[in-house]
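The values are calculated or read from the model by the stated rules, or taken from the named source; none is laboratory data. Bear in mind that the values here come from a model prediction, so they are computed numbers and not experimental data. Neighbour counts run over all protein chains shown; Cβ positions are idealised from the backbone, glycine included. Ligands, DNA and RNA are stripped out before the accessible areas are found, and what is left, the full protein with its side chains, is counted by its heavy atoms. Shrake-Rupley method; radii C 1.70, N 1.55, O 1.52, S 1.80 Å.
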Amino acid sequence: MTQYDPLFSPVKIGDMTLKNRFAMAPMGPLGLGDAQGGFNQRGIDYYTARAKGGAGLIFTGVTFVDNEIEEHGMPNCPNSTYNPVQFVRTSREMTERVHAYNARIFLQMSGGFGRVTIPTNLGEFPPVAPSPIQHRWLDKTCRALTVEEIHTLVRRFGEGAYHAKRAGFDGVEIHAVHEGYLIDQFAISLFNRRSDEYGGCLENRLRFAREIVEEIKARCGQDFPVILRYSPKSFIKDLREGALPGEVFEEKGRDLKEGVEAARLLAAWGYDALDVDVGSYDAWWWSHPPMYQEKGLYMPYAKLVREAVDIPVLCAGRMDDPDRALSALVDGVCDIVSLGRPLLADPEYVNKLRAGQTAQIRPCISCQEGCMGRIQEYSMVNCAVNPQAGRERVTAYNPVLRPKRILVAGGGPAGMEAARVLAERGHWPELFERSDRLGGNLLAAGAPPFKEDELALIRWYGRELRRLNVPVHLNTVVEPELAEAGYDAVIVATGSTAKTFSLGEGAPVCTASDVLTGRADCRERAVVVGGGLVGCETALWLAQSGKRVTIVEMLDRLMAVNRPLCHANSEMLERLIPFHGIEVYTDASVKSWAGGELLIETADGPQMLPCDTVILSVGFREENSLYHALEARVPELYLLGDARKVANIMYAVWDAFEVANHI
């Protein structure tokens, strides 16, 4: 017996039994579908890996039932009605492989995005919605669906679910009265201004969702489970305006009173479980919570729903801590814990927890660079800290026949990942770090409490290197002579250094890295020079610590060059800046400091800012001098991470994996 045993007890959804209380939360399957609406090999491998990793229930990401009323640009996401033969053929291979691990798998089915359709996926026709309302992203007015189109979508849900059952899926999840997608737009009075049977009172606004479950049960049988992805609260202040945690506002979307009432109706109409989150596209940082949101943020809302219905409730939302997952189950918050991004970061999460190997679980850092950032920019789901996610087959470890002795210079994310992968494959890496700690620039990045998982990632790397018996030498500078001393290959991952400039003698200038790591003190009135991601997060942390903070940025907006950055992250951070009283000057540059004031030049002329600490966050410069010293002296030499090109943690880890997996 272990403390986590309740998480590994069986649970029923309808007549179907799950082996444990863990579900893989649905995440957009971008890049995992083929041109005919089926799943490609990447998708099959991706979902199978999470079943192999121990999850009792797998949800696919969103798939469509229609490609005519609302175009979706095939190939994009799978579609169960576009080419049923291809859908069943490819899905059957996937469901059979998932079932081999005694896991269940549900197809998540969507009626469309409506007013929140991603602009690149719009097609040539106007976006649809319940009523002629403003599009979320574009300055367009949506076209109202006709009653016949609604009926067509309902029929296609039935057809799609029938094909899913033929393909071996154990049930379906409807996407959803959730996050402000098309069916949710019908359910919310802010978006639904219809006067027919699909508008007006709550029962009418939910009629679309009711007819869907009734159609699926009629086509597939009452014993075929149907789950609904459901948001009992929207956090909408107005169109395109979301509320922040702790903000006092008037809910214009679905409030909790109506949310609980709707949950009771949906359960009474035949849904077998409710998969609970909160938020909307107008408040995207609730639906896709970045690191600025607290962990377990959906738990209070899931508990309200669970107390109102007699069907199982699922809860996601930064539930990666096993103790939090356990308390959610024991305290009656939910019946099943959903893990989304944590299963991207480590598909073996559940098996490791069951085996008591919690220290080996690779943490998700909630950066959303590899998942949501790449989905929105490149239509591909991946993971910043796990380069194999969504690419399981092409990035499988390549075992070595002749091990090499390899020197890795630098203990930042690139160096640690390179050493880890080399050791996993059977090489003999040896890591050297000039400072007294592993982590590199992650040590500064992880200093604010909302970035704690970046420090957890450093600790994970340290444990993995010890587990793999990788020698680690701290406080050791690699000189060219050391690199030539009997190593078969050398990897240089010496990172980067913060850029600086002078503001005159006596100016209280330091770098963001120095402040974040405690090497420099910040007094009471700080000016952060540079409004990129590092500058904004530093300013937020200082403001939350009680400092008076101003940001000065040369470009015309904050975070102008940070890519790919999920909109949920950037939009929440942009709103947290003024919410915490941080003053911002854009199109501005700093000139000098004297007598406790900083002179800046703005579009409106010079300004004097009271200031006792000037914090520079103006970028980093590659530190690659060791590489250049070794270019003519070492036959097999590689340059990785910030030492090659200053970027973000994802590219440091990904590049290190690519090189280390092919030496």
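Simple rule: put +1 on each Lys or Arg Cβ and -1 on each Asp or Glu Cβ in the chain, find the dipole, and look at I365, A100, V528; the Cα lying farthest toward the positive end is A100.
With a cut-off of 13 Å between beta carbons, the residues surrounding S366 carry a summed charge of -4, where Lys and Arg count +1 and Asp and Glu -1.
With every protein chain kept in the model, how would you rank H288, H427 by accessible area, 1.4 Å probe, largest at the top?
On the way: H288 35, H427 10 Å².
Ranked list, largest accessible area first: H288, H427.
Subtracting the Cα-Cα distance of E214 and F579 from 0.36 nm times their residue separation leaves 126.9 nm of extension gain. Of D223, D655, the residue with the largest accessible area leads and the full order is D223, D655 (1.4 Å probe). Rounded to the nearest Hz, the phi-derived 3J(HN,Hα) couplings of region 489-505 under the Karplus curve 6.51 cos²θ - 1.76 cosθ + 1.60 (θ = phi - 60°) are 8, 10, 10, 9, 9, 8, x, 8, 10, 5, 6, 9, 8, 9, 10, x, 5, where x marks glycine and proline.
Using alpha carbons only, how many angstrom separate the centre of region 603-654 from the centre of region 480-500? Comparing the Cα centres of region 603-654 and region 480-500, I get a distance of 15 Å.
Need one word for region 245-379: rounded, prolate or oblate. Basis is the Cα gyration tensor (sqrt eigenvalues a ≥ b ≥ c); a/c below 1.5 gives rounded, then a/b vs b/c decides. Judged from the Cα gyration tensor, region 245-379 comes out oblate (a/c at least 1.5, b/c at or above a/b). For a modelled paramagnetic label at R354, 7 Å from Cα along Cα-to-Cβ, the residues of region 1-27 in reach, with backbone nitrogen under 16 Å, are 1-12, 17-24. For the chain, the share of alpha carbon pairs falling in successive 10 Å distance bins from zero is 3, 15, 24, 24, 18, 11, 4, 0, 0 percent. Would you check the accessible area of E307, probe 1.4 Å, heavy atoms only, in square angstrom rounded to 10? E307 has an accessible surface of roughly 130 Å² with all protein chains in place.
Quick check: the distance between the Cα centres of region 519-589 and region 346-402, to the nearest angstrom? After rounding, the separation between the Cα centres reads 30 Å.
By how many nm would the segment from T146 to Q41 grow when fully extended, if each residue of separation counts as 0.36 nm and the alpha-carbon distance is taken off? Don't jump to the answer; show the numbers that get you there.
Numbers: separation 105, 0.36 × 105 = 37.80 nm, distance 3.75 nm.
That pair, T146 and Q41, stretches by 34.1 nm at full extension.
Over all other residues within a Cβ to Cβ distance under 12 Å of R89, the charged ones net out to -1, with Lys and Arg as +1 and Asp and Glu as -1. Secondary-structure-derived ellipticity at 222 nm for the chain, considering helices only, amounts to -9000 deg cm²/dmol, per-run term -39500 (n - 2.57) for DSSP H runs with n ≥ 4. Seen from all directions on average, region 126-172 presents a Cα convex hull projection of 4.4 nm².
Looking at the chain only, what percent of DSSP beta bridges run antiparallel? Nearest 5 please. Each step should come with its number before you reach the end.
Values: 22 of 84 bridges.
Just about 25 percent of them are antiparallel.
Surface calculation, 1.4 Å probe, protein heavy atoms: W137 sits at approximately 60 Å² accessible. If the viscosity is 0.890 mPa s and the temperature 25 °C, what translational diffusion coefficient in µm²/s does Stokes-Einstein give for region 24-91 when Rh comes from Kirkwood over Cα pairs? So the translational diffusion coefficient is about 203 µm²/s. Backbone amide hydrogens, once placed in the peptide plane, bring F59 within less than 5 Å of M24, F106, excluding anything fewer than 5 places away on its chain. Accessible surface ranking for Y230, Y378, Y292, 1.4 angstrom probe, highest first: Y378, Y292, Y230.
Could you sort 80-86, 269-275, 621-627 so that the peptide with the highest average Cβ count within 10 Å comes first and the rest follow in order?
Numbers: 80-86: 19.9, 269-275: 24.3, 621-627: 17.6.
The densest-packed peptide leads the list: 269-275, 80-86, 621-627.
Listed values for region 650-657 are Karplus-derived 3J(HN,Hα) couplings in whole Hz (6.51 cos²θ - 1.76 cosθ + 1.60, θ = phi - 60°), namely 4, 6, 5, 5, 5, 5, 5, 4, and x replaces Gly and Pro.
Tally Lys and Arg at +1 and Asp and Glu at -1 over the other residues with C-beta under 13 Å from the C-beta of D255: what net charge comes out? Before the final figure, lay out each step's value.
Details: positive: K233, K237, K252, R254, K257; negative: E250, E251, E258, E261.
My count for the surroundings of D255 gives +1.
Under 27 Å of direct C-alpha separation, and excluding same-chain neighbours fewer than eight residues apart, K257 reaches these lysines: K233, K237, K295, K303. Backbone N atoms of region 1-39 closer than 15 Å to the 7 Å Cα→Cβ label point of Q222 belong to residues 14-16. Taking 0.36 nm per residue of sequence separation and removing the Cα-Cα distance, the F501/R166 pair yields an extension gain of 114.0 nm.
Largest first and in whole Å, the equivalent-ellipsoid semi-axes of region 566-663 read 40, 21, 10, each the square root of five times a Cα gyration tensor eigenvalue.
Rolled with a 1.4 Å probe across the full set of protein chains, the surface gives E481 an accessible area near 120 Å². Summarising the label geometry, the points placed 7 Å from Cα in the beta-carbon direction at K404 and S9 lie 5.3 nm from one another.
In the chain, Cα pairs under 8 Å separated by at least six residues give a relative contact order of 11 percent. Inter-label distance, A396 to A629: 4.2 nm, where each label sits 7 Å from its Cα along the C-beta direction. Computed about the Cα centre, the dipole magnitude for the chain is approximately 1400 debye when only Lys and Arg (+1) and Asp and Glu (-1) carry charge, each at its Cβ. The distance between label points at H473 and T17 comes to 5.8 nm (points 7 Å beyond Cα on the Cα→Cβ vector).
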